[in-house]
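Working notes for the structure below.
The values are calculated or read from the model by the stated rules, or taken from the named source; none is laboratory data. Everything numeric in this text was worked out from a predicted model, so none of it was measured. Cβ coordinates were reconstructed from backbone atoms using ideal geometry, including for glycine residues, and neighbour counts include every protein chain displayed. Protein only, heavy atoms only, side chains kept; ligands, DNA and RNA dropped before computing areas. Shrake-Rupley method; radii C 1.70, N 1.55, O 1.52, S 1.80 Å.
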Amino acid sequence: MTIRVLIADDQQLVRTGFQMILDAQPDIEVVAAVADGAEAVAEARRLRPDVCLLDIRMPKLDGLEVTRLLAGPGVENPLRVVIVTTFDLDEYVYGALRSGATGFLLKDSGPTLLVEAVRAAAVGDALVSPSVTVRLLQHLAKPRQPALPPGAEPLTERELDVVRLVARGKTNKEVAAELFVSLSTVKTHLGSIQAKLGVRNRVGIAAWAWESGVVS
């Protein structure tokens with residue numbers, strides 16, 4: 001099955017480079033490469049790609065707003081969004097993660113991680129690269145008391161154990177092994193945690209954990 005990708009970046013060199021790398025893969029096809037956020041939204045809604053690869057800083061609409069429109073709360077049939085960040089400048093990447101992005105990529109990550117990010121997002125794997133995830137969330141974290149949505153049921157101790165492991169980049173299988181529980185139990189915990197926190201995926205859980213000080 002071919003993974004259909006939309007690229008949105010205001011730098012032509014970046015768009016061209018990403019497209020060349022992705023189109024060279026036998027299982028990936030770039031269906032659109034656009035230069036601003038408004039065009040990204042229009043083309044994504046028209047083409048329904050499997051993965052949208054979005055720069056966070058674009059004209060007309062930035063990556064944060066595009067993510068909210070394509071994958072945010074209340075969006076029916078949300079698309080899978082991977083945010084491209086320069087890491088040290090884009091501190092509001094948190095907003096994109098909390099708005100429904102399934103992962104992110106450093107702009108200078110190189111071809112291998114770019115392909116990994118797209119393939120991971122296509123199958124619903126939110127943590128594109130655990131080491132990169134932890135680095136970025138550590139960099140952006142401003143610890144404070146954990147905040148749950150109004151009226152939300154508190155997380156159990158076991159759910160907090162799962163949150164801490166997810167925030168450190170552990171896969172479901174690794175979480176199950178560390179907690180001595182089954183894979184299905186981990187998935188059940190993740191579903192409950194996402195509902196309580198009001199997030200859509202593992203990256204949302206990890207972002208909440210680092211931002212709230214559950215991990216440090």
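Couple of notes before you dig in:
- Test: residue in the range 84-106 that is modelled with pLDDT under 90, assigned to a strand (DSSP E or B), closer than 22 Å to L197 by Cβ and of a type in the set (F, W, Y): yes
- Leading residue by the ranking (most open to solvent (accessible area, probe 1.4 Å)) among those in the range 26-48 that are under 18 Å from the mean Cα position of the chain (by Cα) and within 25 Å of G198 (Cα to Cα): R48
- Scope the range 1-15; condition closer than 24 Å to T86 by Cβ and either in contact (Cβ under 8 Å) with a residue 12 or more places away in the chain or crowded, with 19+ Cβ neighbours inside 10 Å (or both); matching residues: V5, L6, I7, A8, D9, D10, Q11, Q12, V14, R15
- Residue in the range 54-61 that is surrounded by 17 or more Cβ atoms within 10 Å (Cβ to Cβ) and outside any loop (DSSP other than H, G, I, E, B) present: yes
- Pairs linking a residue in the range 48-67 that is farther than 14 Å from V34 by Cβ and free of Cβ contacts under 8 Å to residues at least 12 places away in the same chain to a residue that is open to solvent by less than 20 Å² (accessible area, probe 1.4 Å) and polar (S, T, N, Q), with Cβ atoms under 7 Å and 6 or more positions apart or on different chains, do not occur.
- Residue in the range 128-141 that is surrounded by fewer than 16 Cβ atoms within 10 Å (Cβ to Cβ), in contact with a helix residue (DSSP H, G or I) (Cβ under 8 Å, 6 or more places away or on another chain) and modelled with pLDDT of 80 or more present: no
- L64 modelled with pLDDT of 90 or more and buried (at least 23 other Cβ atoms within 10 Å of the Cβ): no
- G74 assigned to a loop (DSSP other than H, G, I, E, B) and under 25 Å from V166 (Cβ atoms): yes
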